[in-house]
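Take a look at the structure set out below.
The values are calculated or read from the model by the stated rules, or taken from the named source; none is laboratory data. What you are looking at is a predicted structure, and each value in this text was computed from that prediction instead of being measured. No Cβ is skipped: glycine too gets one built from the backbone with ideal geometry, and neighbour counts run over all protein chains shown. Each accessible area value is taken on the protein alone, full model and side chains, heavy atoms only, with ligands, DNA and RNA left out. Shrake-Rupley method; radii C 1.70, N 1.55, O 1.52, S 1.80 Å.
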Amino acid sequence: MHIVQLFLAVPAALLILGNGLGNAGQTVDVAGAIACVNDKWTESEPEKGHKLADLVQRCVCIPNDPAAPKFTQDCVGKYEYMPDKSWKATGTCTDTFKSGVKRYESWEEGSHLKEYTYKYTGGTGKYEGSSGGGTYMYEALTDDNTLFGGTYKGQMVLP
């Protein structure tokens, strides 16, 4: 590597690293696109008009910040649909980064919310003890409700 290339490469690397996920104790804004596929949707109807459903879902999250790492999600959840057409759901996701580090989330959806909510509940490596959360919205992209797309936004606090 020539000296000129080195002078260009080092500042570029520092810029990329500096715009990454931040330092310990720092609050980081997060936002991006989300695409999901439902692997399993199991419904039961314990009584007329009252449905319960179990969800198993995988997602890909692509941050708006090109320096932030992309990640996948493995999610599970439970949905409840009431006779009055209201509904609610809760669940968890494990975010997995290319490095193998994981971050954990809990989420809530429902007819009573304008935007769905999520909370970071920790993780491994640099995400151990992370907190914060935000909102997301997504919609079905197929008639069979297996593919979904949307956006997320929030803040993460690194320990």
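Determine if segment 104-124 includes at least one residue that is of a type outside the set (Ser, Thr, Tyr) and more than 23 Å from ASP29 (Cα to Cα).
Yes: one or more hits.
Select from segment 140-159 the residues that are open to solvent by less than 30 Å² (accessible area, probe 1.4 Å) and of a type in the set (A, V, I, L, M, F, W, C) and write down the one among them that is farthest from ALA89 (Cα to Cα).
Applying the filter and picking the extreme gives LEU158.
Listed here are the residues, each with its yes/no results for (1) among the aromatic types (Phe, Trp, Tyr); (2) modelled with pLDDT of 95 or more; (3) on the phi > 0 side of the Ramachandran plot.
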{"residue": "TRP107", "(1), (2), (3)": "yes, yes, no"}
{"residue": "GLY122", "(1), (2), (3)": "no, yes, yes"}
{"residue": "TYR136", "(1), (2), (3)": "yes, yes, no"}
{"residue": "THR142", "(1), (2), (3)": "no, yes, no"}
{"residue": "GLY149", "(1), (2), (3)": "no, yes, no"}
{"residue": "TYR152", "(1), (2), (3)": "yes, yes, no"}
{"residue": "VAL157", "(1), (2), (3)": "no, yes, no"}
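Can you find, within segment 61-80, the residue that is farthest from the chain's Cα centre (by Cα) among those that are open to solvent by less than 70 Å² (accessible area, probe 1.4 Å) and not hydrophobic (A, V, I, L, M, F, W, C)?
Out of the qualifying residues, it is GLU80.
Which one is most open to solvent (accessible area, probe 1.4 Å) among residues in segment 94-109 that are of a type outside the set (A, V, I, L, M) and more than 17 Å from VAL76 (Cβ to Cβ)?
Step by step, filter segment 94-109, then rank; the result is LYS98.
Are any residues in segment 110-139 open to solvent by less than 50 Å² (accessible area, probe 1.4 Å), touching a residue at least 24 places away in the same chain (Cβ under 8 Å) and under 19 Å from LEU55 (Cβ atoms), and if so, which ones?
GLY110, TYR118, TYR136, TYR138, listed by residue number.
Among the small types (Gly, Ala, Ser) and farther than 14 Å from ASN38 by Cα: is that true of GLY149 in this structure?
No; evaluated as a whole, the condition is false for this residue.
For segment 25-60, how many residues are touching an Asp or Glu at 6+ places or on another chain (Cβ under 7 Å) and surrounded by 13 or more Cβ atoms within 10 Å (Cβ to Cβ)?
Selection size over segment 25-60: 6.
Looking at SER86, SER130 in this structure, which one is small (Gly, Ala, Ser) and in contact with a Ser or Thr (Cβ under 6 Å, 6 or more places away or on another chain)?
Within the list SER86, SER130, the selection yields SER86.
Quick check: is even one residue across segment 98-116 more than 22 Å from LEU158 (Cα to Cα) and in contact with a Cys (Cβ under 6 Å, 6 or more places away or on another chain)?
No, that holds for no residue.
Do we find that SER130 is farther than 16 Å from VAL30 by Cα and out of contact with any helix residue (DSSP H, G or I) (no Cβ under 6 Å at 6 or more places or on another chain) in this structure?
So SER130 does not fit the description; no.
Determine the pairs where a residue that is more than 24 Å from GLY134 (Cβ to Cβ), located within segment 26-46, has a partner that is not in a strand (DSSP E or B) with Cβ atoms under 9 Å apart, the partner being 6 or more residues away or on another chain.
Close Cβ pairs satisfying both conditions: ASP39/THR146; TRP41/ASN145; TRP41/THR146.
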